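Undergrad: Submitted below is the structure of interest, expressed as structure tokens.
Only the coordinates and a few stated rules stand behind these numbers; no lab work does. If you're wondering where the values come from, they're calculated on a predicted model, not measured in any experiment. Virtual Cβ from ideal backbone geometry, glycine too; neighbours counted across all protein chains shown.
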Amino acid sequence: MEHNTRDAALLVMDMQAAILGMFPDATTLVRNVAKAATTVRSAKVPVIYVTVGFRAGAPEISMNNKSFSSGGRERWSGEHAEGWMKIHPDVAPLPGEIIVTKRRVSAFTGSDLEVILRALGIQHVILAGVATSGVVLSTLREAADKDYRITVLSDCCADRDDEVHRVLTTKVFPRQAEVLTVEEWKKNNLV
């Protein structure tokens, strides 16, 4: 399939240092995401960072939301918020790169991501981030419903459950996306 790199963007999602700290060894993941970002930058493809964050006091967190309310609002707001918002330094954005803040699991929910993608003429999203069963799955599903072309870089994603990651990247995601390792993606000149 012929790809137009001018209509693509790499989404680096939830690569916040505090989130990566919940993974036993994120070194390879971080290295692969950095490699993907370097690759797309050299092709003049935008890298868009997506972080999860909330206002002071986290009024966006409903007690009905099991994912976000379980850690308490304190974890996501106040003096702790700055720590949660910091993107890992090895994959940090370059000056001028866009950072989008989302309020839920999907990169689209509660953010202006779609407005940015449409303004840039992006029709193809390349997904990287943590967790595979969280932001990657939710963003893939929503992007598919919004008619974006999707590529998932399987080794630029991780999940605390390796089997969940394997099932999603080998059985679920291929129904709606092209799933490749970063090296396969580079070798096939898909950027």
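Undergrad: Check which residues have an amide H placed less than 5 Å from Val52's amide H, if you skip close sequence neighbours.
TA: Hits under the 5 Å cutoff: Asp14, Lys102.
Undergrad: Between Asp162 and Arg141, what length comes free when the chain is fully extended (0.36 nm per residue of separation minus the Cα-Cα distance, one decimal in nm)? Provide the component values of the computation, followed by the final result.
TA: Working: separation 21, 0.36 × 21 = 7.56 nm, distance 2.03 nm.
Taking Asp162 through Arg141 to full extension adds about 5.5 nm, to one decimal.
Undergrad: Residue-wise, which Karplus ³J(HN,Hα) couplings in Hz belong to the range 26-32, taking 6.51 cos²θ - 1.76 cosθ + 1.60, θ = phi - 60°, and x for glycine or proline?
TA: Computed from phi, the couplings for the range 26-32 are 9, 4, 5, 4, 4, 4, 5 Hz.
Undergrad: Where does each of 36-48, 91-103 land if you order them by average Cβ count within 10 Å, highest first?
TA: Working: 36-48: 17.2, 91-103: 15.0.
Ranking, from highest mean packing down: 36-48, 91-103.
Undergrad: Return the long-range amide H neighbours of Thr181 (sequence gap of 5 or more, or a different chain), with a cut-off of under 5 Å between placed amide H atoms.
TA: Under 5 Å from the amide H of Thr181: Ser154.
Undergrad: Name the long-range amide H neighbours of Asp159: under 5 Å, sequence gap of 5 or more, or other chain; modelled H, no Pro or chain starts.
TA: Distant-sequence amide H within range of Asp159: Thr132.
Undergrad: Would you mind working out the magnitude of the charge dipole of the range 85-161 relative to its Cα centre, with +1 at each Lys and Arg C-beta and -1 at each Asp and Glu C-beta, to the nearest 20 Debye? Present the calculation step by step, with values, prior to reporting the outcome.
TA: Working: 9 positive and 10 negative charges, 44 e Å.
So the dipole magnitude of the range 85-161 works out to roughly 220 debye.
Undergrad: How large is ³J(HN,Hα), in whole Hz, for each residue of the range 94-104 in order, when computed from phi with the Karplus curve 6.51 cos²θ - 1.76 cosθ + 1.60 and θ = phi - 60°, using x for Gly and Pro?
TA: 7, x, x, 6, 7, 10, 10, 9, 9, 10, 9
Undergrad: Too long at a 25 Å Cα-Cα cut-off: which of Lys146/Lys171; Lys146/Lys187; Lys44/Lys186; Lys35/Lys86; Lys44/Lys187? Write down the numbers at each step before the final one.
TA: Numbers: Lys146/Lys171 21 Å; Lys146/Lys187 28 Å; Lys44/Lys186 14 Å; Lys35/Lys86 20 Å; Lys44/Lys187 17 Å.
The answer is Lys146/Lys187.
Undergrad: What ranking of Asp7, Asp162 emerges when the number of other C-beta atoms within 10 Å of each C-beta is taken as an exposure proxy, fewest first? It would help to have the intermediate numbers written out before the result.
TA: Values: Asp7 15, Asp162 10.
Arranged by neighbour count, lowest to highest, Asp7, Asp162 become Asp162, Asp7.
Undergrad: Go through the range 142-153 residue by residue and turn each phi into a ³J(HN,Hα) via Karplus (6.51, -1.76, 1.60, θ = phi - 60°); whole Hz please, and just put x for glycine and proline.
TA: Result, ordered by residue: 5, 4, 5, 5, 9, 6, 7, 6, 9, 10, 10, 8 Hz.
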